[in-house]
Amino acid sequence: MRQLNQTGYMHNRLRMIVASFLVKDLHVDWRWGERYFADKLIDYDQAANIGGWQWSAGVGTDAQPWFRIFNPVTQSENFDPDGKFIRRYLPELAAVPDKFIHAPWMHAANLADYPPPIVDHARARAITLDLFRRAVEPPEPGA
Ligand SMILES: Cc1cc2nc3c(=O)[nH]c(=O)nc-3n(C[C@H](O)[C@H](O)[C@H](O)COP(=O)(O)OP(=O)(O)OC[C@H]3O[C@@H](n4cnc5c(N)ncnc54)[C@H](O)[C@@H]3O)c2cc1C
């Protein structure tokens with residue numbers, strides 16, 4: 001989000017990850033995120049932005065499957081293996097060893113003022129899957 005706030009740009013991979021995080025981890029209505037991107041993106045386009053948010057939220061016409069939920073840590077490990085991007089936009093993590101760069105809270109002892117995670121991803125993911133399942137799967141007869 002710092003990249004978006006500082007530059008007005010964010011790579012597509014990150015747009016998908018933050019959109020998934022807002023909707024499927026924090027359970028916030030995708031339209032709040034869409035509006036925020038509309039204010040910040042230098043390449044804002046209504047059709048592409050709404051399409052991108054609905055795809056990520058699992059609610060659009062050809063959305064990604066509702067049960068697909070990005071894990072922010074594994075995405076970070078896969079697409080920023082050396083933590084170069086993290087250290088660029090989070091200079092306060094510059095000295096964190098590579099081993100902890102994708103989960104700095106595991107190195108909390110040495111990170112006095114770095115905030116702990118705001119959500120337990122595994123727990124939030126389970127809640128989201130349950131919410132979607134109840135929405136898309138008809139209840140058992142007599143349930
Ligand atoms: C949540 C979310 C919101 C998005 N909001 C916007 C938006 O407001 N405006 C916007 O142009 N794109 C949006 N996209 C699509 C995509 O992220 C951007 O087009 C792309 O990241 C722009 O960077 P680039 O020019 O380096 O893209 P490149 O990968 O170099 O692609 C070149 C051009 O192709 C088009 N393009 C590429 N990917 C997509 C895509 N998935 N959907 C539509 N067009 C694409 C764009 O015009 C882009 O400029 C969004 C995607 C998501 C997941």
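Between rounded, prolate and oblate, where does segment 65-111 land on the alpha carbon gyration tensor, with a ≥ b ≥ c its root eigenvalues, rounded for a/c under 1.5, else prolate if a/b exceeds b/c? Because a/c hits 1.5 or more and a/b exceeds b/c, segment 65-111 counts as prolate. Peptides 7-15, 133-141 ranked from most to least packed, by the mean per-residue count of other Cβ atoms within 10 Å: 7-15, 133-141.
Relative contact order, whole percent, for the chain stands at 21, derived from Cα pairs under 8 Å and 6 or more residues apart.
Answer rounded, prolate or oblate for segment 3-79, using the Cα gyration tensor with square roots of eigenvalues a ≥ b ≥ c: rounded when a/c is under 1.5, else prolate when a/b is larger than b/c, else oblate. It is oblate, given that a/c is not under 1.5 and a/b is not larger than b/c. Reported to the nearest whole Å, the Cα centre-to-centre distance from segment 127-142 to segment 50-90 is 24. Let me see the P(r) profile for the chain: every Cα-Cα distance counted, bins of 5 Å, each bin given as a percent of all pairs. Calculated P(r), rounded to whole percents: 2, 9, 16, 19, 19, 15, 10, 5, 3, 1, 1, 0. With all protein chains kept in place, the per residue accessible area of segment 1-137 amounts to 62 square angstrom at a probe of 1.4 angstrom. Partners of K99 within straight-line reach, counting aspartates and glutamates whose Cα lies under 15 Å from its Cα and excluding those fewer than 8 residues away in the same chain: E77, D80, D82.
The values are calculated or read from the model by the stated rules, or taken from the named source; none is laboratory data. Small disclaimer: the values here were computed from a predicted structure and weren't measured. Every residue, glycine as well, gets a Cβ built from its backbone with ideal geometry; the counts of neighbours run over all protein chains shown. In case anyone asks, the SASA skips ligands and DNA or RNA and just uses the protein heavy atoms, side chains included. Shrake-Rupley method; radii C 1.70, N 1.55, O 1.52, S 1.80 Å.
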